[in-house]
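S.K.: What follows is a structure written as structure tokens; I'll ask about it next.
The values are calculated or read from the model by the stated rules, or taken from the named source; none is laboratory data. If you're wondering where the values come from, they're calculated on a predicted model, not measured in any experiment. Glycine gets a Cβ as well: all are built from the backbone with ideal geometry, and neighbour counts include every protein chain shown. With ligands, DNA and RNA removed, areas are computed over all heavy atoms of the protein, side chains included. Shrake-Rupley method; radii C 1.70, N 1.55, O 1.52, S 1.80 Å.
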Amino acid sequence: MPLSDLTNAAQDYLKVIWAASEWPGDDTASRITVKHLAERTGVSTATVSDGIRKLAGLGMVVHEPYGSIELTDEGRAVAVEMVRRHRLVETFLVEVLDYSWDEVHDEAEVLEHAVSNTMISRMDRALGFPSRDPHGDPIPSAEGVSRPAEAVRLDALRQGAFRLGDAVPGPPLVVLRISDADPIVLRSLGEAGLALDARLSVCEPRTDAGAEPEPEPVGVCVRLESTEACVRLSRSEVDAVWVTRA
């Protein structure tokens, strides 16, 4: 089904449903329900319920009352196309129009529905066929193939869940993704020097001799290789950073 046959809201629903399970281990990843979708799109559950019912009638989703929403093959194809549009627009805004990475999401949410397939193809070519957007999310190919990087949230280190080579606090890590869910967090991380491909290691914060030890920190202290600065990240900042072993 052509995108033009679907409303902007319907396109958004499909995109959000697909993206929710893109990164395994993401706290936001789940089997999407009407309630979850309403929270993520900022509209009422009644509005979402009506939209999902229409999408089910079009063969785009499968949904049992009060159950989770699953994409059909046709719905998945539309969702991936919308994700591709969104991430290419974000990349174009940053690389060509000098937007900062915390500004582009809302702009892309509008433009992704308006640009033509021709413009998307030309953006892709002009950018050199990028494989990821400014936040490290993979840009699906024109054939609909998407390959997320093998990475885990930095917070997994605190929980003992880091599985890439059994890394533990200390070894060098590389930032592969920073979630764009919160522009304030993006801005703060950027100001601290954390960006894609930044190299860092988890470190223990220094305390003055004789000082009382601090209670267990809420976030994580990291040392940036580029500046050798030790930066304390808040819990929300830690949750946004995805890494792999250097």
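S.K.: Express in nm, to one decimal, how much length is gained between residue 107 and residue 56 on full extension, taking 0.36 nm for each residue of separation and deducting their alpha carbon distance. Numbers along the way, then the final one.
M.R.: On the way: separation 51, 0.36 × 51 = 18.36 nm, distance 2.87 nm.
That works out to 15.5 nm of additional length.
S.K.: Can I ask one more? Can you run phi through the Karplus equation (6.51, -1.76, 1.60; θ = phi - 60°) for region 100-116 and list ³J(HN,Hα) in whole Hz, with x for Gly and Pro?
M.R.: Residue by residue, region 100-116 yields 8, 5, 8, 9, 7, 4, 5, 5, 5, 4, 7, 5, 4, 8, 9, 6, 7 Hz.
S.K.: Which percent of the accessible area of region 1-120 is formed by carbon and sulfur heavy atoms (probe 1.4 angstrom)?
M.R.: Working: 3280 of 6180 Å².
Of all accessible area on region 1-120, carbon and sulfur atoms account for 53 percent.
S.K.: Spelling out what I want: for every residue of region 221-237, take phi, set θ = phi - 60°, compute 6.51 cos²θ - 1.76 cosθ + 1.60 (Karplus), and round to whole Hz; glycine and proline get x.
M.R.: With the stated coefficients, region 221-237 comes to 9, 10, 10, 7, 5, 5, 10, 6, 7, 9, 10, 8, 9, 6, 4, 5, 6 Hz.
S.K.: Got a sec to turn the phi values of region 2-18 into Karplus ³J(HN,Hα) couplings, 6.51 cos²θ - 1.76 cosθ + 1.60 with θ = phi - 60°, whole Hz, x for Gly and Pro?
M.R.: Once θ is set to phi - 60°, the couplings for region 2-18 become x, 4, 5, 7, 10, 5, 4, 4, 4, 4, 5, 4, 4, 5, 5, 4, 5 Hz.
S.K.: Also: Consider a paramagnetic label point 7 Å from the Cα of residue 49 along Cα→Cβ; state which residues of region 66-106 have an amide N under 13 Å from it.
M.R.: Only 66-67 pass the distance filter.
S.K.: Also: Please provide three numbers in whole Å: the alpha-carbon extents of region 27-131 along the principal axes, with the largest listed first.
M.R.: Principal axes ranked by extent give 45, 26, 24 Å for the Cα atoms.
S.K.: At a probe radius of 1.4 Å, what is the per-residue accessible area of residue 95, in Å² to the nearest 10?
M.R.: About 130 Å², rounded to the nearest 10.
S.K.: Starting from the Cα of residue 191, step 7 Å along the direction of its Cβ; do the same at residue 230; then give the gap between the two resulting points in nm.
M.R.: About 2.2 nm, to one decimal.
S.K.: Could I ask something else about it? Under a plain spin-label model, where a point goes 7 Å from the Cα along Cα-to-Cβ, how far apart in nm are residue 7 and residue 127?
M.R.: So the label points at residue 7 and residue 127 sit 2.9 nm apart.
S.K.: Using a 1.4 angstrom probe with every protein chain in place, what is the largest-first accessible-area order of 99, 13?
M.R.: Values: 99 65, 13 15 Å².
Result, largest first: 99, 13.
S.K.: Could you check the simple spin-label distance between residue 182 and residue 22, using points 7 Å along Cα→Cβ, in nm with one decimal?
M.R.: Roughly 2.0 nm, to one decimal.
S.K.: Can you give me the solvent accessible area of residue 197 with a 1.4 Å probe, rounded to the nearest 10 Å²?
M.R.: The value for residue 197 is about 80 Å².
S.K.: Under a 1.4 angstrom probe, counting protein chains only, how are 92, 129 ranked by accessible area, largest first?
M.R.: Numbers: 92 50, 129 130 Å².
I get 129, 92, largest accessible area first.
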